[in-house]
Amino acid sequence: MQNSQQVNIRHYSFTHTHSPLMASKRLAFLVLLILCFTANLHAQNSQTIIRSGHIDSADIFKLIYVPIKVPDGITGISVKEEYSNPSKNVLNMGIFGEEGYDLGNAAGFRGWSGGAKKEFFINEAQASTGYVAGPVKKGTWNILIYPSTIDREGIDWKLTITLISGTHQVPFKAAPAKTTVNNKAGWYRGDLHMHTLHSDGKRTQQELADEAVAKHLNYIISTEHNTNSANLQWGKYDRKNLLIINGEEVTTTAYGHWNAIGLKPQTWIEWRYAPKDNTIKRYTEQVHRDGGLCIINHPFYTPTLTNGFAFNPAFFDGIEVWNGNWDALDELDLKWWNDLLKSGKRMLAIGASDTHVSSGSPNNLGTPQTIVYAKTLSQTGIINGLRQDKAYITSIPDLKLDLSAEHAEKRAGIGDELISNENVQVSISLTSTLVPADATLTLIGSQGIIQSLKTTNTSGLDINIKNTSYLRLELRDSNGQMLAMTNPIWIKAKS
Ligand SMILES: [Zn+2]
Ligand SMILES: [Zn+2]
């Protein structure tokens with residue numbers, strides 16, 4: 001946090017003499033003093049603005065913009081937020097610069113900290129995590145406050161804004177992550193959902209990158225809530241064999257969360273709309289134009305919703321079926337995904353940790369992880385592998401799984417399509433030193449369970465596929481806890 005600087009006013013006293021020489025010297029000294037004082041004022045001046053108000057409890061989820069006139073010569077801005085009853089109320093906060101705050105205005109976007117911070121600063125060279133450093137240009141800036149939890153009394157709020165004019169600094173320059181690690185094809189392990197100090201996570205970017213390397217992950221996807229500020233800086237934490245992919249968790253507390261993954265570092269995806277606005281397509285298309293994918297996150301988690309994710313799933317590429325440790329909500333996610341598959345919708349399933357805190361927390365980096373077949377270990381390679389559903393999910397760090405179906409010398413793997421009207425030969429390959437002996441593999445089709453197997457009996461299965469449009473695999477322990485699951489192989493009848 002940068003503190004505002006004080007103007008020091010010094011007091012000077014002069015002795016009177018009648019010497020003309022002394023008088024002119026005295027005049028020169030006085031002029032010099034005035035000049036110094038003006039320069040000092042210019043170098044250190046700051047202006048404090050207070051804004052305050054009340055939000056009624058009925059105005060939950062209302063977007064409130066607080067305009068601030070930024071005069072010429074300002075090099076930094078800091079904002080401190082205070083509000084009543086913070087144990088019961090949550091007043092999110094962010095800021096838009098002089099380019100404006102209309103929907104989708106990425107140029108105007110200068111940062112978001114949601115409910116995770118009560119103060120932030122932006123100057124030409126640096127900014128608080130979650131915020132974007134750079135010139136603080138003259139014009140109207142807007143602080144956005146957004147109540148996501150309000151008790152009956154409503155919220156009394158106060159913002160203290162300090163505008164600082166100081167010496168110009170070397171402006172911030174984005175340092176995004178490298179986009180390619182190697183050009184080798186293979187199955188790559190990674191985590192698609194995580195948070196650092198750039199939103200409500202507890203780790204620094206450096207700590208997260210180090211932990212990803214320690215856990216032998218090949219890729220991670222950075223997904224801060226409603227900000228791309230981390231994406232602009234991942235290049236500073238480059239690790240030789242780790243691919244870091246840009247993403248954003250597009251977060252509307254009222255209607256659900258989704259991950260935009262595979263973004264360009266400068267891209268910022270808008271979140272300020274509701275399902276009734278019929279505007280979601282504009283933003284999912286923006287992600288697709290960047291070459292990325294849109295994944296519905298933890299669809300049954302949103303506490304204000306009883307019916308899961310509120311936007312139309314037709315615009316999305318995938319579902320985070322498995323978020324953190326497997327639990328009852330993941331069973332609901334799985335059922336929803338499976339129902340979509342049954343209806344013929346091709347939808348990617350992914351698993352991710354959504355880790356916020358350090359190791360030892362319920363959501364650990366890499367648990368679960370999504371293993372993707374990619375032609376290269378690059379942002380494009382991983383995203384293309386996911387786009388083709390060539391992925392499986394596991395909580396076991398050394399587990400390798402393969403599922404294939406063969407007919408008439410045609411072989412289809414996870415994510416592929418096989419055309420056949422007859423029985424197919426299904427092969428399962430499972431390697432891991434950590435799978436319990438009593439774990440069960442279940443082959444599932446559009447009509448339900450096709451066959452359950454012990455992990456030792458997995459090759460050359462002759463499967464009747466007459467009544468199924470897909471085949472997929474689950475591995476669960478004796479308590480029914482999910483250990484691994486695949487995306488489907490699609491089966492198409494010969495016409
Ligand atoms: Zn979320
Ligand atoms: Zn998250």
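Bear in mind that the values in this text are calculations on the coordinates, not laboratory data. Just so you know, these numbers come straight off a predicted model, no measurement behind them. Virtual Cβ from ideal backbone geometry, glycine too; neighbours counted across all protein chains shown.
Quick look at the numbers
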item	result
Listed peptides 178-190, 240-252 by packing density, highest first (mean Cβ within 10 Å)	240-252, 178-190
Kirkwood Rh in Å, taken over all unlike Cα pairs in segment 442-490	11.5 Å
Extreme residue, positive dipole direction of the chain, given options His225, Thr456, Thr431 (C-beta unit charges)	His225
Candidates per trypsin sites (Lys or Arg not before Pro) in segment 311-363, loop by DSSP, up to 12 other Cβ within 10 Å	Lys345
Theoretical FRET efficiency, 1/(1+(r/R0)^6), r = Cβ-Cβ of Gln481 and Thr140, R0 56 Å, to 0.05	0.55
Protection proxy ranking, peptides 272-279, 421-428, 391-398, 290-297, average beta carbon neighbours within 10 Å, highest first	290-297, 391-398, 421-428, 272-279
Nearest-20 debye value, segment 444-495 charge dipole, Cβ charges on Lys, Arg, Asp, Glu	220 debye
Computed label-point distance, nm, for sites Gln266 and Asp327 using a 7 Å Cα→Cβ extension	4.1 nm
In nm, spacing of pseudo-spin labels at Lys240 and Ile49 (7 Å Cα→C-beta vector)	5.1 nm
Label-zone membership for segment 467-494, site Leu434, 7 angstrom Cα→C-beta point, backbone N under 19 Å	474-486
Amide H contacts of His193 (H built 1.01 Å from N, under 5 Å, at least 5 apart or other chain)	Ile221, Ser353, Asp354
Residues listed by number, segment 462-495, amide nitrogen under 17 Å from Lys410 label point at 7 Å toward C-beta	463-471, 489-495
Inter-centroid distance (Cα atoms) of segment 420-495 relative to segment 222-294, Å	33 Å
Karplus 3J(HN,Hα) series, Hz, for segment 369-383 with 6.51 cos²θ - 1.76 cosθ + 1.60 (x for Gly, Pro)	10, 10, 9, 10, 7, 10, 6, 9, 8, 8, 4, 5, x, 5, 5
Neighbourhood charge, 12 Å Cβ-Cβ cut-off, centred on Ala175 and excluding it, Lys, Arg +1 and Asp, Glu -1	+2
Alpha carbon centroid spacing (whole Å) that separates segment 67-142 from segment 146-193	11 Å
Space enclosed by the convex hull of the alpha-carbon atoms of the chain, per residue, Å³	174 Å³
Relative packing of 445-455, 477-487, 114-124, which averages over residues the other C-beta atoms within 10 Å, highest first	114-124, 477-487, 445-455
Rounded to 5, the percent of DSSP beta bridges in segment 174-395 classed as antiparallel	55 percent
Charge dipole (the chain, unit charges on Cβ, about Cα centre) - positive-most of Ala405, Thr48, Tyr283	Thr48
Computed [θ] at 222 nm, helices only, for the chain once each DSSP H run of length n ≥ 4 contributes -39500 (n - 2.57)	-4500 deg cm²/dmol
Dipole magnitude of the chain, debye to nearest 20 (Cβ charges: Lys/Arg +1, Asp/Glu -1, about Cα centre)	1360 debye
Cα-based shape type of segment 122-281, given that a ≥ b ≥ c are square roots of the gyration tensor eigenvalues and the cut on a/c is 1.5	oblate
Rounded if a/c under 1.5, otherwise prolate or oblate - segment 174-395, Cα gyration tensor axes	rounded
Cβ-based charge dipole, segment 84-195, positive-most Cα from Met194, Gly115, Asn142	Met194
Net charge over other residues, Cβ less than 13 angstrom from the Cβ of Thr442 (K, R count +1; D, E count -1)	+1
FRET E, pair His216, Lys69, Förster distance 45 Å, beta-carbon r, rounded to 0.05	0.30
